[in-house]
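K.L.:
Submitted below is the structure of interest, expressed as structure tokens.
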């Protein structure tokens with residue numbers, strides 16, 4: 001008993017060292033893979049637009065921050081499987097159990113580390129992730145709106161410059177030497193059209209990046225003019241040849257312009273917990289006020305009588321009114337029936353027209369409430385997912401007893417896909433209004449947590465649930481019994 005505490009400290013340090021290194025490596029690998037997926041998705045929107053290198057780097061940094069919500073749970077699952085799988089493969093878990101230390105007790109320091117990671121994930125999702133989302137989506141929007149910097153592609157009539165259409169038949173590998181250039185220019189003020197044709201030219205930008213200059217050689221220019229009133233009303237064509245000339249085009253409007261970030265702040269992904277709660281309460285008040293307005297609009301179409309039944313005369317009048325009211329439409333004459341039906345249908349259409357636009361508004365408001373509540377719950381589900389996936393990964397590693405990036409990667413990806421698919425289905429059901437935001441957000445956690453507890457029980461009892469040899473022996477005995485019976 002004297003050596004119990006030092007032994008436990010050494011075991012805890014061993015487990016922590018065995019976990020931290022795989023966690024960092026797997027986290028970086030997952031972040032890199034997700035970043036590559038981002039680049040593959042938006043490569044057409046980013047390449048060839050003349051961005052500065054720091055714009056691309058800034059966008060990649062913000063994209064990496066937004067990927068933490070997916071990378072962190074997967075890294076916890078994969079690294080826990082690798083850690084305990086490696087310990088089981090090297091019979092270190094056997095040595096720990098032989099020292100009288102149960103698997104649950106051996107998981108204690110790892111659970112503390114994962115709990116700290118979960119708290120950090122919650123703080124990140126509440127304080128840093130909304131800012132990262134705001135920066136990322138605003139910058140990505142501006143990048144996708146940016147026009148291509150490939151002003152003069154080969155064999156294409158380019159209209160990148162207002163008032164001009166340019167066609168280049170061929171370009172050299174340097175991208176600056178042009179051949180067989182044709183430029184159409186339309187001057188609406190002078191009501192004329194110019195056509196310029198040149199055999200060769202050079203293209204470059206001015207140092208300030210405001211203009212694109214074309215130095216053209218061996219060409220001809222045609223100018224078509226409709227003439228002058230009171231002098232010569234005939235159409236005039238002017239032609240002159242040149243050995244060298246320059247054409248300058250304004251490209252200042254093609255530079256990337258940043259949109260005000262305040263225009264994106266109303267999205268729920270850019271809000272923290274307090275902002276989401278304020279937005280939800282404000283939207284609920286709008287719904288309640290809309291219901292009151294709807295009631296007032298419809299009340300005008302209601303016909304009712306409010307009479308205090310005290311005097312006998314009033315009671316007789318009330319009975320007469322009740323008798324008249326209880327009369328069916330069949331008791332009326334034909335013309336009265338037609339009038340009653342026409343009046344009823346007219347009032348029904350009026351109510352329908354009144355409520356049609358307001359029902360769409362009410363539907364949008366309720367959808368906003370569900371989305372705000374969903375985003376509110378997602379701040380907590382990220383932390384819960386880290387703990388739930390650790391409860392799956394640690395016993396799985398102890399059961400399969402394989403380390404490295406082989407079988408643990410396959411198993412972890414399968415379980416993570418199960419979690420991710422269930423979570424995605426739940427979120428979609430919430431957005432469609434089929435599920436409560438609380439249920440839709442937590443359904444994946446509720447499903448995978450019992451799986452983790454079951455695997456923890458199996459690992460603690462040295463189960464052979466993933467031992468293929470045991471399954472082979474079972475089916476062999478089963479088929480032998482069938483053969484004997486037959």
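K.L.:
As an exercise, use a Förster radius of 41 Å and the Cβ-Cβ distance of residue 186 and residue 266 to find the FRET efficiency, rounded to the nearest 0.05. The partial results should precede the final answer.
P.N.:
Values: r = 42 Å, r/R0 = 1.01.
Efficiency, rounded to the nearest 0.05: 0.50.
K.L.:
Here's another thing I want to ask about it. Simple spin-label model, 7 Å along Cα-to-Cβ: residue 165 to residue 244 in nm?
P.N.:
3.1
K.L.:
How much length is gained on full extension from residue 288 to residue 120, taking 0.36 nm per residue of separation minus their Cα-Cα distance? It would help to have the intermediate numbers written out before the result.
P.N.:
Working: separation 168, 0.36 × 168 = 60.48 nm, distance 3.75 nm.
Here the segment from residue 288 to residue 120 would lengthen by 56.7 nm.
K.L.:
Between residue 258 and residue 211, what is the label-to-label distance in nm when each label sits 7 Å out along the Cα-to-Cβ direction?
P.N.:
Calculated label separation equals 2.9 nm.
K.L.:
For residue 52 and residue 173 in one chain, what is 0.36 nm times their gap in residues minus the Cα-Cα distance, to one decimal in nm? If you can, show how the numbers build up before the last one.
P.N.:
Values: separation 121, 0.36 × 121 = 43.56 nm, distance 2.17 nm.
Contour length minus the Cα-Cα distance gives 41.4 nm.
K.L.:
If each of residue 341 and residue 461 carries a label point 7 Å out from its Cα toward its Cβ, how far apart are those two points in nm?
P.N.:
Between residue 341 and residue 461, the simple spin-label model gives 7.4 nm.
Here, each number is a calculation from the coordinates, and none is a lab measurement. Just so it is clear, the structure is predicted and the values come from calculations on it, not from any experiment. A quick note on method: Cβ atoms are made from the backbone with ideal geometry, for glycine too, and the neighbour counts reach across all protein chains shown.
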